[in-house]
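Undergrad: This is the structure, below, for whatever I ask next.
Read the figures in this text as sums done on the coordinates, not as results from a lab. These numbers were taken from a predicted model, which means no experiment stands behind them. Here the Cβ positions follow ideal geometry from the backbone for every residue, glycine too, while neighbour counts run over all protein chains shown.
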Ligand SMILES: [Zn+2]
């Protein structure tokens, strides 16, 4: 396929040069732009999490790429986002000492329509790179209103707190868990997922997201 259709830069969509070093997925110009404009260097605070990190700011070309990834079947973008997240987690391995990676679940209907859970693909790719187990620990409760339809922070928090349940009977027995999310907006969704993981017996819970809204 790639012989007929040249690969395109994940961020600007321009065709990539035929021979790129190390399987790069973005062009040199966009790589420079990521370093200058999109690299998230701020600390992130999530209620109930022992730490949180995201390699990218959710804006401009990164936000557009994330939308294509989530809503337009650009499933292969997972590789690029996951590579950013892997580097972020690799820098924290000593501090976080993760034992298991999991992800924010999506509803069954959404999963069926989209064909994949965007956070699950990211979690699996990160886990594979770092040789960590990836397990589905959480499930989405049915009939919970979409988080994006909740306008006020209070509504978002209340809605999010009902959104998740343990996916199985597994006890986490004090394990250190990394929860993978796609985008952190207010942090209400991640906080709700962290609370359930704690109830399941997680010793420490960390949040790793591809991007955060500033
Ligand atoms: Zn580009």
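Undergrad: Tell me, 106, 101 in order of fewest to most beta-carbon neighbours within 10 Å?
TA: If I rank by nearby Cβ atoms, fewest first, I get 106, 101.
Undergrad: Report the semi-axes of the equivalent ellipsoid for region 18-80 in whole Å, largest first, where each axis is √(5λ) for an eigenvalue λ of the Cα gyration tensor.
TA: Largest first, region 18-80 gives 24, 16, 12 Å.
Undergrad: Say each of residue 72 and residue 158 gets a label point 7 Å from the Cα, pointing the same way as Cα to Cβ; how far apart are those two points in nm?
TA: The modelled label-to-label distance comes out at 3.7 nm.
Undergrad: Right, here's the next one. At q = 0.18, 0.21, 0.28 Å⁻¹, what log₁₀ I(q)/I(0) does a Debye calculation on the Cα points of region 86-138 give, no solvent, two decimals?
TA: Calculated log10 I(q)/I(0) at the listed q: -0.60, -0.76, -1.09.
Undergrad: Could I ask something else about it? For a protection proxy built on the mean count of beta-carbon atoms within 10 angstrom, sort 108-121, 168-181 highest first, please.
TA: Most protected by this proxy first, the peptides run 168-181, 108-121.
Undergrad: So how long is each side of region 71-173 along the principal axes, counting just the alpha-carbon atoms, biggest first, in Å?
TA: Ordered largest first, region 71-173 gives principal extents of 37, 37, 27 Å.
Undergrad: Right, next: Treating the Cα atoms of the chain as identical point scatterers in vacuum, please give the log10 of the normalised Debye intensity I(q)/I(0) at q = 0.07, 0.08 Å⁻¹, two decimals.
TA: -0.21, -0.28
Undergrad: Based on the alpha carbons, how large is the Rg to Rh ratio for region 1-110 when Rh follows Kirkwood?
TA: So for region 1-110, dividing Rg by the Kirkwood Rh gives 0.99.
Undergrad: To continue, here is another question. From Cα pairs below 8 angstrom and at least 6 apart in sequence, can you work out the relative contact order of region 86-149, rounded to a whole percent?
TA: Result for region 86-149 is 43 percent.
Undergrad: So how tilted is helix 118-129 from the main axis of the chain? Cα-based, degrees 0 to 90, rounded to 10.
TA: 80
Undergrad: Based only on other Cβ atoms within 10 Å, what is the fewest-to-most ordering of 50, 95, 79?
TA: In increasing order of surrounding Cβ atoms, one gets 95, 79, 50.
Undergrad: Along its three principal axes, how long is region 113-214 when you only count alpha carbons? Whole Å, largest extent first please.
TA: 39, 29, 25
Undergrad: Based only on other Cβ atoms within 10 Å, what is the fewest-to-most ordering of 152, 209, 139?
TA: Ascending Cβ contact count within 10 Å gives the list 152, 139, 209.
Undergrad: Going by alpha carbons, how many degrees (0 to 90, nearest 10) lie between the helix axis of 188-199 and the longest principal axis of the chain?
TA: With both axes taken from Cα atoms, the answer is about 50 degrees.
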